[in-house]
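Engineer: Dumping the structure here so I can ask a few things about it.
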Amino acid sequence: EPEVTQTPSHQVTQMGQEVILRCVPISNHLYFYWYRQILGQKVEFLVSFYNNEISEKSEIFDDQFSVERPDGSNFTLKIRSTKLEDSAMYFCASSEDRVYEQYFGPGTRLTVT
Amino acid sequence: KNQVEQSPQSLIILEGKNCTLQCNYTVSPFSNLRWYKQDTGRGPVSLTIMTFSENTKSNGRYTATLDADTKQSSLHITASQLSDSASYICVPLVNAGNMLTFGGGTRLMVKP
């Protein structure tokens, strides 16, 4: 069964450094998403991406964040200058259509020290 | 503001027993409502998706109900198994949007 994959599974970085989290969505899906979950808290929407542009973003997704689909298979989330409060689990998801089921990847645990 | 309230926050039941989890939401305009299961440290996995016109939907031992008028949903788990131990999250989708608004979830623990 097709699945969303994410790399790395765990990333440790120092405050102020740039990180890129990578995702490979399911191949025939057209909508891509990033969510984050701070330890012990609820999953929070960051951004959705369709047709090579951001279709929706939350207040969390400020200028420090950017997304890109550099080729036909990868979908990336970049954090330009990480802060301690960026430490969280970051989930990528994809769906065939806007209202269809979103399939989540296993997540990347980001630890900012 | 779109909000989701789930109850109880946590629940412990014995293996083989049934349980019902509740969700109240204020998302508007409403498109559909999903229930996800999330194991600790893993990504959420979809259990059911219900549209405005659907009152009940089953997926194996999971049965979800929806009352779009009162903005309430429930998830009933029958004959619980140890592997059901997880967080169960109610997630409504806003019409014309694709941002999922996650509830805080109910943490279920099934004990032998």
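The values are calculated or read from the model by the stated rules, or taken from the named source; none is laboratory data. Just so it is clear, the model here is predicted, and its values are computed rather than measured. Reconstructed Cβ throughout: ideal geometry from the backbone, glycine too, with neighbour counts over all protein chains shown. Note: accessible area is taken over every heavy atom of the protein model, side chains too, but ligands, DNA and RNA are not part of it. Shrake-Rupley method; radii C 1.70, N 1.55, O 1.52, S 1.80 Å.
Engineer: Which one of the conditions (1) over 18 Å from residue A:100 (Cβ atoms); (2) surrounded by fewer than 18 Cβ atoms within 10 Å (Cβ to Cβ) does residue B:94 fail to meet, given that it meets all the rest?
Structural biologist: Residue B:94 satisfies all of (1) over 18 Å from residue A:100 (Cβ atoms); (2) surrounded by fewer than 18 Cβ atoms within 10 Å (Cβ to Cβ) except (1).
Engineer: Separate question: Can you pull out the strands (runs of 3 or more DSSP E) entirely within the range A:36-113 that have at least 3 residues that are open to solvent by less than 40 Å² (accessible area, probe 1.4 Å) and either more than 13 Å from chain B (Cβ to nearest Cβ) or more than 21 Å from residue B:4 (Cα to Cα) (or both)?
Structural biologist: Fully inside the range A:36-113 and qualifying: A:65-68, A:75-79, A:88-95, A:108-112.
Engineer: What is the residue count in the range B:4-16 for residues that are over 14 Å from the mean Cα position of the chain (by Cα) and within 11 Å of chain A (Cβ to nearest Cβ)?
Structural biologist: Residues flagged as over 14 Å from the mean Cα position of the chain (by Cα) and within 11 Å of chain A (Cβ to nearest Cβ) within the range B:4-16 amount to 0.
Engineer: Touching a Lys or Arg at 6+ places or on another chain (Cβ under 6 Å) and surrounded by 14 or more Cβ atoms within 10 Å (Cβ to Cβ): which single residue out of B:89, B:49 fits that description?
Structural biologist: B:49
Engineer: Taking only pairs six or more apart or across chains, which ones have beta-carbon atoms under 9 Å, a first residue in the range B:4-32 that is closer than 16 Å to residue B:107 by Cα and in a strand (DSSP E or B), and a second residue that is of a type in the set (Asp, Glu) and open to solvent by less than 70 Å² (accessible area, probe 1.4 Å)?
Structural biologist: Going by the 9 Å Cβ cut-off, the qualifying pairs are B:13/B:84; B:19/B:84.
Engineer: So, of the residues in the range B:62-86 that are of a type in the set (Ser, Thr, Tyr) and either over 18 Å from residue B:48 (Cβ atoms) or open to solvent by 20 Å² or more (accessible area, probe 1.4 Å) (or both), which turns out to be nearest to the other protein chains (Cβ to nearest Cβ)?
Structural biologist: B:62
Engineer: Could you tell me how many of the residues in the range B:17-41 are open to solvent by 40 Å² or more (accessible area, probe 1.4 Å), basic (Lys, Arg) and within 12 Å of another protein chain (Cβ to nearest Cβ)?
Structural biologist: 0
Engineer: A further question follows. Can you give me the number of residues within the range A:18-35 that are touching a strand residue (DSSP E or B) at 6+ places or on another chain (Cβ under 8 Å), open to solvent by 30 Å² or more (accessible area, probe 1.4 Å) and either assigned to a loop (DSSP other than H, G, I, E, B) or without any contact (Cβ under 8 Å) to a residue 24 or more places away in the chain (or both)?
Structural biologist: Within the range A:18-35, residues that are touching a strand residue (DSSP E or B) at 6+ places or on another chain (Cβ under 8 Å), open to solvent by 30 Å² or more (accessible area, probe 1.4 Å) and either assigned to a loop (DSSP other than H, G, I, E, B) or without any contact (Cβ under 8 Å) to a residue 24 or more places away in the chain (or both) number 2.
Engineer: Right, next: Scan the range B:5-32 residue by residue and report those that are modelled with pLDDT under 90 and touching a Phe, Trp or Tyr at 6+ places or on another chain (Cβ under 9 Å).
Structural biologist: B:30, B:31, B:32
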